[in-house]
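S.K.: Below you'll find the structure I mean.
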Amino acid sequence: MVLQKIFRAVIMGPPGSGKGTVSARITKTFGLNHISSGDILRASINAKTEFGLLMKACIDQGQLVPDDVMSRLILSDLRAMDHSSWLLDGFPRTVSQAEALDGAFTVDSVINLDVPFQTIKQRLTSRWTHLPSGRVYNIDFNPPKVPGFDDVTGEPLVQRDDDTPDTVTRRLKSYETQTEPVLEFYRSKGMLETFSGTETNKIWPHVEASLHKKFSSFNQRVA
Ligand code: G5P
Ligand code: MG
């Protein structure tokens with residue numbers, strides 16, 4: 001579906017709930033630009049920038065990067081994109097970040113993936129990532145065509161340093177204490193749409209249908 005106006009969405013959900021997986025399907029189907037805060041941070045770590053190395057300590061311990069750093073980073077990337085439609089994945093993650101985003105941009109849709117923590121723990125230990133693109137694979141769910149290598153570039157896949165069982169537990173804890181209040185922030189504004197389940201393939205048709213509906217009414221309002 002071709003969009004006639006800028007459409008801006010946020011995708012939320014606990015670590016491993018499938019934000020990256022669903023985002024890839026949304027960008028393919030609807031052509032939004034995918035901006036993943038985690039991918040941006042991992043690119044800085046991979047490039048061994050001073051900033052990246054500082055942030056790596058936080059990330060590897062399953063802690064959040066400080067709000068002011070994160071909001072500055074993401075908002076400046078969004079401003080640079082100016083007249084584009086985008087889908088934000090991994091930001092905002094605290095109420096302070098949500099307020100910063102709210103002050104700078106109008107968000108048209110907030111998608112919340114609600115997946116049980118038990119399901120997530122199993123998934124993350126068998127995740128393989130192509131760091132330069134952020135493409136994710138899973139040994140059980142969507143294995144790469146050649147084990148250990150990215151389907152598109154043929155480059156090696158890695159396991160994220162923060163996907164160890166202990167760090168996953170800490171990330172889930174931080175999600176409960178720091179990110180769940182953001183759901184309330186958007187719920188109280190009537191913007192939150194929650195999709196519950198344990199399988200992305202069952203959740204996705206509902207997300208797709210909801211976005212199709214939103215995009216249609218959005219285009220009608222513009223026309
Ligand atoms: P990230 O990178 O934002 P998380 O923790 O929010 O990391 P993550 O781990 O990237 O989220 P996801 O994107 O929600 O998970 O999930 P995914 O990668 O698509 O799917 C997980 C796995 O499950 C994959 O292997 C996938 O193939 C598989 N899978 C998907 N669906 C199914 C299914 O139906 N069945 C099965 N069997 N498998 C499936 O953030 C990382 C860190 O960066 C910092 C923090 O330290 C954070 O911990 N950070 C921030 N700090 C402060 N503020 C922010 N805004 C920050 N953003 C990032
Ligand atoms: Mg992700």
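S.K.: Provide a single number: the residues in the range 171-223 that are in a helix (DSSP H, G or I) and out of contact with any strand residue (DSSP E or B) (no Cβ under 8 Å at 6 or more places or on another chain).
M.R.: Kept after step one, since they are in a helix (DSSP H, G or I), are these residues of the range 171-223: 171-188, 200-222.
In the following step, the residues that additionally are out of contact with any strand residue (DSSP E or B) (no Cβ under 8 Å at 6 or more places or on another chain) were identified as 171-178, 180-181, 184-185, 187-188, 200-202, 204-205, 208-209, 212-213, 215-222.
Final tally of qualifying residues: 31.
S.K.: Which members of the range 121-140 meet the condition of being more than 22 Å from H34 (Cα to Cα) and either in a loop (DSSP other than H, G, I, E, B) or open to solvent by less than 20 Å² (accessible area, probe 1.4 Å) (or both)?
M.R.: Matches in the range 121-140: S126, I139, D140.
S.K.: With respect to R123, determine if the residue is of a type in the set (D, E, K, R), modelled with pLDDT under 95 and within 14 Å of ligand 2 (Cβ to nearest atom).
M.R.: yes
S.K.: For E199, state whether it is closer than 22 Å to H34 by Cβ, out of contact with any Gly (no Cβ under 7 Å at 6 or more places or on another chain), surrounded by 13 or more Cβ atoms within 10 Å (Cβ to Cβ) and not basic (K, R). Give the derivation first.
M.R.: Values: closer than 22 Å to H34 by Cβ: yes; out of contact with any Gly (no Cβ under 7 Å at 6 or more places or on another chain): yes; surrounded by 13 or more Cβ atoms within 10 Å (Cβ to Cβ): no; not basic (K, R): yes.
So E199 does not fit the description; no.
S.K.: So T164 passes all but one of these: (1) under 17 Å from P181 (Cα atoms); (2) at pLDDT below 95; (3) hydroxyl-bearing (S, T, Y). Which condition number does it fail?
M.R.: Here T164 meets the rest and fails (1).
S.K.: Select from the range 27-73 the residues that are on the phi > 0 side of the Ramachandran plot and of a type outside the set (D, E, K, R) and write down the one among them that is least open to solvent (accessible area, probe 1.4 Å).
M.R.: G62
S.K.: Related question: If the Cβ limit is 6 Å and pairs must be 6+ apart or interchain, which residue in the range 90-114 that is open to solvent by 50 Å² or more (accessible area, probe 1.4 Å) and assigned to a helix (DSSP H, G or I) pairs with which residue that is near ligand 1 (Cβ under 10 Å from one of its atoms) and charged (D, E, K, R)?
M.R.: S96/D67
The values are calculated or read from the model by the stated rules, or taken from the named source; none is laboratory data. The structure displayed is predicted, hence computed values, not measured ones. Cβ coordinates were reconstructed from backbone atoms using ideal geometry, including for glycine residues, and neighbour counts include every protein chain displayed. Side chains are part of the model used for accessible areas, which takes the heavy atoms of the whole protein and leaves out ligands, DNA and RNA. Shrake-Rupley method; radii C 1.70, N 1.55, O 1.52, S 1.80 Å.
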